[in-house]
Every structure is written in C-alpha cells, then in structure tokens.
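Visitor: Before anything else, here's the structure in question.
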Amino acid sequence: MKFLWQQIPSPLITEILCSSSFDGVILDLEHGHFNNETLYSCIQTGTLMQKKILARFAHLDKQKIRMCLDANISGVILSTVENSTQ
C-alpha cells in the first residue's frame, strides 16, 4: 500500500491528497499541529473518499487515539513505544 503524508491540518488538503491514486493518507500528528476538530474533519473527509486514513502520534495519547477510533480512522502509528513493568 502507498500512502501520502499530511502535516498541514486542513480537510481541504486531505481531500486533495485523497484525490490521488495513493491508497490513503497518514496524518502526522507528531510534526503537524492538528486540533481535535480539524483532526476529526480530516479523518471524515478521507473516509468519505473511501481512502485509508492513519494517524501518527508522537506519544501515547489515549484520549486522542479514542477520538480517532470513534471517527472511524483506519489505523494508528505510535512513533515512540516504551515498555515499562509498572
């Protein structure tokens, strides 16, 4: 599968990227500055265009990940995963 990376927080950019022949878009939440409303809109735009939408997180943010899952995101990428024995 081939994906495009999106750092600009705009559903219009998501729509443009989803109009390509690529399989989907990765929303880069580590380097982009998406607020919750824009993130939700980008996920919904990609889903409506029948593309895979993934979100890349800089750290484990359970609340934002749940919101993305509720918005019907295709998957989540965690850039930094640490294992603790707490």
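The values are calculated or read from the model by the stated rules, or taken from the named source; none is laboratory data. Model, not experiment: these values are computed from the prediction. Cβ atoms come from the backbone with ideal geometry, glycine included; neighbour counts cover every protein chain shown. For accessibility, only protein heavy atoms count, side chains too; no ligands or nucleic acids. Shrake-Rupley method; radii C 1.70, N 1.55, O 1.52, S 1.80 Å.
Visitor: Considering only region 36-62, state which residues are part of a loop (DSSP other than H, G, I, E, B) and either modelled with pLDDT of 95 or more or in contact with a Cys (Cβ under 7 Å, 6 or more places away or on another chain) (or both).
Guide: Met49, Gln50, Lys51
Visitor: Taking the residues in region 1-47 that are of a type in the set (S, T, N, Q), over 20 Å from Leu60 (Cα atoms) and open to solvent by 70 Å² or more (accessible area, probe 1.4 Å) as candidates, determine which candidate is farthest from the chain's Cα centre (by Cα).
Guide: In this case the residue turns out to be Ser21.
Visitor: Sticking with this one: Please go through region 48-62 and pick out each residue that is surrounded by 17 or more Cβ atoms within 10 Å (Cβ to Cβ) and of a type outside the set (A, V, I, L, M).
Guide: Of region 48-62, the ones surrounded by 17 or more Cβ atoms within 10 Å (Cβ to Cβ) are 51-57.
Within region 48-62, Lys51, Lys52, Arg56, Phe57 meet the criteria.
Visitor: Can you name the condition, by its number, that Ile65 falls short on among (1) farther than 21 Å from Glu82 by Cβ; (2) assigned to a helix (DSSP H, G or I); (3) open to solvent by less than 40 Å² (accessible area, probe 1.4 Å); (4) of a type in the set (Val, Ile, Thr)?
Guide: (1)
Visitor: Could you please let me know if Val76 is among the hydrophobic types (A, V, I, L, M, F, W, C), open to solvent by 30 Å² or more (accessible area, probe 1.4 Å) and assigned to a loop (DSSP other than H, G, I, E, B)?
Guide: It is false that Val76 is among the hydrophobic types (A, V, I, L, M, F, W, C), open to solvent by 30 Å² or more (accessible area, probe 1.4 Å) and assigned to a loop (DSSP other than H, G, I, E, B).
Visitor: While we're looking at this one, here's another question. Enumerate the pairs (first residue in region 23-42 and in contact (Cβ under 8 Å) with a residue 24 or more places away in the chain and among the hydrophobic types (A, V, I, L, M, F, W, C); second residue anywhere and open to solvent by 70 Å² or more (accessible area, probe 1.4 Å) and not in a loop (DSSP other than H, G, I, E, B)) with beta-carbon separation below 7 Å, excluding pairs fewer than 6 apart on the same chain, so at least 6 apart or on different chains.
Guide: Close Cβ pairs satisfying both conditions: Ile26/Trp5.
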